[in-house]
1. With θ set to phi - 60°, apply the Karplus curve 6.51 cos²θ - 1.76 cosθ + 1.60 along segment 65-80 and write out the HN-Hα couplings as whole Hz, x wherever there is a Gly or Pro.
2. Can you tell me the orientation of helix 2-15 relative to the chain, as the angle in degrees between its alpha-carbon axis and the longest Cα principal axis, to the nearest 10?
3. What does the extension gain come out to for A49 and F68, with contour length at 0.36 nm per residue minus their alpha carbon separation?
4. Using mean Cβ contacts within 10 Å as the protection proxy, how do 28-39, 47-58 order, highest first?
5. Along the Cα→Cβ direction, 7 angstrom out, place labels at L56 and F36. What is the inter-label distance in nm?
6. Give me a comma-separated list of calculated 3J(HN,Hα) values for segment 30-38, in order, Karplus coefficients 6.51, -1.76, 1.60 applied at θ = phi - 60°, integers in Hz, x for any Gly or Pro.
7. What 222 nm value per residue comes from the helices of the chain, counting each DSSP H run with n ≥ 4 as -39,500 (n - 2.57) and dividing by all residues, nearest 500 deg cm²/dmol?
8. Give me the net charge of L51's neighbourhood, meaning all other residues with Cβ under 13 Å from the Cβ of L51; Lys, Arg count +1, Asp, Glu -1.
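Values in this text are rule-based calculations from the coordinates and carry no lab data. Source: prediction; values computed, not measured. Neighbour counts run over all protein chains shown; Cβ positions are idealised from the backbone, glycine included.
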Amino acid sequence: MFLVVQGVEYVEAWNHLGLTLQAGIYGSTFFMLTGFHGLHVTIGAIVLAVLLVRVLKGHFSADNHFAFEAGAWYWHFVDVVWIGLFLFVYVFELGFLK
C-alpha cells in the first residue's frame, strides 16, 4: 500500500505541482530520498514473502529462526529511516518552502 501511495504522490508532484528532477535541489532530493526508501520497502516486501513461504514450509523452530529475526531487524531499520525521511522531506522542508 505504501508503494501505491508513493506512486500517486509522484504523479501528483510531477504533474500538478511541477516538482521534477530539474526543479532544483528539492526536486532531485525528494525523488532520490523517497525513491531509495521505496526501493528498500520493495526489498522488505520480498523478504516478507520469502519468510512467509519458509514459515508455511516449517523451516523455523525455537532454536533456528535467524532469517525471521533478520527480516524483523531490516524492517525496524526501514521504519526508523522513514521517521527521519518524513521529518526531513515533509515537515522541515515543506515548512521552509512556505
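1. The phi angles translate into 8, 4, 4, 5, 5, 4, x, 5, 4, 4, 5, 5, 4, 4, 5, 5 Hz.
2. 20
3. Details: separation 19, 0.36 × 19 = 6.84 nm, distance 1.13 nm.
Result for the pair: 5.7 nm of gain on full extension.
4. 28-39, 47-58
5. Label-label distance for L56 and F36, simple model: 3.4 nm.
6. Coupling constants for segment 30-38: 4, 5, 5, 5, 6, x, 5, 5, x Hz.
7. The helix-only estimate for the chain comes to -24500 deg cm²/dmol at 222 nm.
8. +1
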